[in-house]
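Worksheet for the structure shown next.
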């Protein structure tokens, strides 16, 4: 572990919902759910008042409405959220150039060397949170630690509107009692697999040798071994290259596989348009499907030559549809088309004329 590194993870509190409550005084202190109404919608964000009813992001909106019939549903306004996110990021940049955004509402900052005269990372985090409150009317929480992994966990510790520091000498005392679910990447399936081995807390995970974890879990096993020891050598990366671009739609009514072609064509065109914003070239075509039972299926293909036109991308996506082997009565609620495995054009020896950027688009 690089003990001398000073990392801050800033996480805006209930960001989308807080922006809505800030801008509409009538929503303050009320359970606010940011989501479109309807049977196909999911929750984008929930205010802390709504969370007391068990509402959380990614939950079906109809379930949120059942949990809290008095909740106020507000359609998301991403133009507004992005504007506030840029405002917050400008505050970060006053303290360090080493800022790695993770989403509109969270980022890592490396303040090992900073623009500030403040003596500690803890003081920098406190001042950043104060500036955010004064300039945006919103609150943020912060985690301060020797690496990104620990800082991200710590930022959750005193939410909302708080901060928590993990000093190098405190890593074991902080980390070992935690449930393994606190480790990023350990979802319900991995939790169950670890619990079957008698591993429920980080201290139990640390007892397992690297060889056993790798044998059972592959590359994830090696990551678990490092995380159980508080090790994370990843640097804060201010300029992350595009890795994937995709577009997806949820249907108003579930559809059979053979009826998905129009949607696939439309989404392939949207994805292709989004690639025009980057000079990098996507090599792997991905088709994503979600069944009416919420099972997610993906099919991917990396051709010898990357797709060089929207038509080529569409043809490859439709070919992937033919590889979906599900019972014919299976219905689908969502389809997505993506490009991944992006590389620099020079790495692939591609002719630049085929991949000139054109137009504005959004990449992810």
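Data overview
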| quantity | calculated |
| --- | --- |
| Odd one out for residue 127, checked against (1) on the phi < 0 side of the Ramachandran plot; (2) in contact with a strand residue (DSSP E or B) (Cβ under 9 Å, 6 or more places away or on another chain) | (2) |
| Count - residues of the range 228-248 that are modelled with pLDDT of 90 or more, surrounded by fewer than 17 Cβ atoms within 10 Å (Cβ to Cβ) and under 30 Å from residue 36 (Cβ atoms) | 1 |
| Residue satisfying condition, being assigned by TED's automatic domain parsing to the domain that holds residue 294 and in contact with a helix residue (DSSP H, G or I) (Cβ under 8 Å, 6 or more places away or on another chain), within set 249, 254 | 249 |
| Single condition residue 101 does not satisfy, out of (1) out of contact with any helix residue (DSSP H, G or I) (no Cβ under 8 Å at 6 or more places or on another chain); (2) closer than 26 Å to residue 239 by Cβ; (3) free of Cβ contacts under 8 Å to residues at least 60 places away in the same chain | (1) |
| Residues that are touching a residue at least 24 places away in the same chain (Cβ under 8 Å) and surrounded by 15 or more Cβ atoms within 10 Å (Cβ to Cβ), drawn from the range 162-175 | 163, 165, 168, 171, 174, 175 |
| Test: residue in the range 317-324 that is in the same structural domain as residue 267 (by TED's automatic domain parsing), crowded, with 16+ Cβ neighbours inside 10 Å, over 17 Å from residue 254 (Cα atoms) and under 27 Å from the mean Cα position of the chain (by Cα) | yes |
| Identity of the residue in the range 120-141, surrounded by fewer than 15 Cβ atoms within 10 Å (Cβ to Cβ) and in a loop (DSSP other than H, G, I, E, B), that ends up farthest from the chain's Cα centre (by Cα) | 120 |
| Helices (runs of 4 or more DSSP H) contained in the range 142-223 and holding at least 3 residues under 30 Å from residue 14 (Cα atoms) | 148-155, 171-175, 188-195 |
| Only listed residue being loosely packed, with under 14 Cβ neighbours inside 10 Å, modelled with pLDDT of 90 or more and out of contact with any helix residue (DSSP H, G or I) (no Cβ under 6 Å at 6 or more places or on another chain), chosen from 347, 356, 311, 304 | 311 |
| Flag for residue 42 being touching a residue at least 12 places away in the same chain (Cβ under 8 Å), touching a helix residue (DSSP H, G or I) at 6+ places or on another chain (Cβ under 8 Å) and surrounded by 23 or more Cβ atoms within 10 Å (Cβ to Cβ) | no |
| Check on residue 214, in contact with a helix residue (DSSP H, G or I) (Cβ under 7 Å, 6 or more places away or on another chain) and either crowded, with 16+ Cβ neighbours inside 10 Å or not assigned by TED's automatic domain parsing to the domain that holds residue 18 (or both) | yes |
| Residue 328 being touching a helix residue (DSSP H, G or I) at 6+ places or on another chain (Cβ under 8 Å), surrounded by fewer than 17 Cβ atoms within 10 Å (Cβ to Cβ) and not assigned by TED's automatic domain parsing to the domain that holds residue 58 | yes |
| Candidate set from the range 183-211 (those that are surrounded by 15 or more Cβ atoms within 10 Å (Cβ to Cβ) and in contact with a helix residue (DSSP H, G or I) (Cβ under 7 Å, 6 or more places away or on another chain)); member that is modelled with the lowest pLDDT | 186 |
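The values are calculated or read from the model by the stated rules, or taken from the named source; none is laboratory data. Keep in mind that this is a model prediction, so the values were computed, not measured. Cβ sites come from the backbone with ideal geometry, for glycine too, and all protein chains shown count toward neighbours.
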